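This report concerns only the one structure given below.
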Amino acid sequence: MLHKRLRVRDALLQRFLREAKLAARLAHPYVAHIYGFDGEDDGLVWIAMEYIHGITLKQWLCDHGPMSLDQLVPLFEGIAEVVQNAHEQGIVHRDLKPSNIMVIERGGRLVPKLLDFGVAKLLAGEKLPESTPETLQRLRSIVVEKVPEEVLKRFRAEGPPTVTDNSLPPGGSQLTPDDATIGTPGYMAPEQWSREFVVGPAADLYALGVIAYEALTGHRSFQDESLPELRALQAPPNRDVVPPLGDNFPPALDEVFQRALARRPKDRFRTALELAGALRAASDLGASPVDLPRLDAEVRDAWFADAPQFLAEAVAALDDARNAHQARSAAQELVRGLLRYLLVVALATHVQAGEGQDDPALLELIRAFGRREFLTEERLRLVRLLVRPQTGRRSAHPIPALVDLVVPGSDGTDGLAPILALHGALDHAGAEDMVRSRLGWLVPELTQLLRTAAFVREYVLVVPRDRAAERWTGRRRQPRALTTVSADELIEEHPMLLDPSGRICVDLWPLVQAMPPIEGAQPELFLFDGHGPHGARMIAAPAGLEHHGSIARLARDWVATQVVSEVEAQARMRERIRVAAHQWQVPRRPADRHHG
């Protein structure tokens, strides 16, 4: 929440909104998700964030003491992954520290969540839409006049404060001038103190080195708390040698920290993932990421290039996994995302096929889909009930390969069967070695599933904008590639599928919709996911963003009117036919025969 004393300058209000936009730009599972921001009539200006069931890394270290290497290395790889993702999006955090990293205990492992992009910086050339003057004026006019002290206490940041020298110039467009001092003492790179260098991604890598050092030893590499002493420590010759970890650690780790905390940015590691890889290699833990079971390269590359964007990114997350737990989570998200996509495609093509089905089992299941959460088995059954009746008219179906997927083979199973087996096996965590062993047979099964479902990437997903079809395939990139399609077939903002000949064959709207999660964020592809704890929901994977508002209710109502009503109509027709047939077969009375 924005305190009243911060409302006097547009720059502070801009920074408040900018934090939401920057965090929303990072669609990553290790970033605290931003669901929205606004101002209320009672004067409260707010950002709504994901509630994280965990504690900060600072608190974790206070409660448990220093981490062991086998605890730190997987956690650090997750932190490095999200920092790398931020750098690839042109964002430098500039305030990485243990109090800005949450730790969640999940399935026997520690999972990070990165917080606080309030002083993050966009790299040169990167653009972020700023709020309009009208938005600023509206929010400024309703900024809270008084926040109760008990509320302030709950939201007061823990740990040493972030320092900002000259961060609010009396004019100009920049939120923070180029020569400002930004960061938290103890975690700031030399360039953040001396202004000798441009502050870029290397400053975040320095902070990561300090965090790792502190997590292993219980204290920072340079512990002086006063600003003058910290400034002095950053200058040569005091900064030439990082204090060694001690005899209880592999000697190679000292070399890693010497490089990670190098005074000059060019002497540090090039990327966050390179730093994480060096930390693992020096820790003598073995089981480097290259040893993880991997998808077949040909299948992986094909899905990288042509699969719907959210599935391509799930495949990329699996390929980028740095440990067995990350690989398991990525594989699980890939299987869930594929099933979610197959279900919305089955619903859309069921309506478009126009062949009425009179199936009480389908009617019962499709009604339940809008009222309660579905298990994996129920989703698979619903796909089969929607598609299998089309087997006899396969060539008339918008996606014949989808029909082939659900046709049982000689052993009684179909192409969807591996999804259930994979989901059940991936749903269980365990120790690193156990998960790695399980992946040894799961990944080949997943490779075969992707081969079987190859039509998913052969039917190109597009979103029409300004009478042009944007391709939402492959890994995320800007600007999106355009595909030539007959303009007469396009419906603005309706996600559609192109058949192999390049013609529109399925309109997926409103079950699939492309929109930004909040103002200023990049658009995400939301898929209808039935009923959740808060009602109808749309999900944007692999980030796990959810939407429970009007677009989710629109999709739910579409299923009710287009699918449920059609099946109900067929049931009523069948009953009328049954009654008429019964009446025809009942012997007529003698009087009826006489009059006849």
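Brief remarks on what is shown
- The simple spin-label model puts a point 7 Å past each Cα toward its Cβ; for TYR35 and HIS534 those points are separated by 0.3 nm.
- Length available on full extension from ARG264 to ALA297: 0.36 nm per residue minus the Cα-Cα distance, which gives 8.0 nm.
- Global form of region 297-379, assessed from the alpha-carbon gyration tensor, a/c cut-off 1.5: oblate
- With both labels modelled 7 Å from their Cα along Cα-to-Cβ, the PHE455 to GLN59 distance reads 5.0 nm.
- Stretching ARG367 away from VAL241 to a fully extended chain increases their span by 38.6 nm, per 0.36 nm per residue minus the current alpha-carbon distance.
- Sites matching trypsin sites (Lys or Arg not before Pro) across region 315-421 that sit in DSSP coil, with at most 15 neighbouring C-beta atoms within 10 Å: ARG371, ARG372
- Gyration tensor verdict on region 315-462 (Cα atoms; rounded if a/c is under 1.5, prolate if a/b is larger than b/c, oblate otherwise): prolate
- Length released on extending from MET434 to ALA581, taking residue separation times 0.36 nm less the Cα-Cα span: 46.7 nm
- Spin-label model, THR483 to ASP404: label points 7 Å out along the Cα-to-beta-carbon direction sit 1.9 nm apart.
- Once backbone amide H atoms are built at 1.01 Å from N, VAL506 has LEU497 as its partners under 5 Å, excluding neighbours fewer than 5 places away on the same chain.
- Of the trypsin sites (Lys or Arg not before Pro) found in region 266-316, those that fall in a DSSP loop while having at most 11 other beta-carbon atoms within 10 Å are ARG270.
- Rounded, prolate or oblate (a/c below 1.5 giving rounded, otherwise prolate when a/b exceeds b/c) for region 466-567 by Cα gyration tensor: oblate
- Ranked packing of 414-424, 88-98, 496-506, most packed first, by mean Cβ within 10 Å: 88-98, 414-424, 496-506
- Portion, in percent, of the accessible area of region 343-448 that falls on carbon or sulfur, probe 1.4 Å: 53
- Label zone (ILE104, point 7 Å along Cα-to-C-beta; backbone nitrogen cut-off 14 Å) within region 310-335: 326, 329-330, 333.
- In region 504-544, Cα pairs under 8 Å separated by at least six residues give a relative contact order of 27 percent.
The values are calculated or read from the model by the stated rules, or taken from the named source; none is laboratory data. Computed from a predicted model, the values in this text were never measured in an experiment. Ideal geometry is used to build each Cβ from the backbone, glycine not excepted, and the neighbour counts take in all protein chains shown. Surface areas here come from the heavy atoms of the whole protein model, side chains and all, with no ligands, DNA or RNA. Shrake-Rupley method; radii C 1.70, N 1.55, O 1.52, S 1.80 Å.
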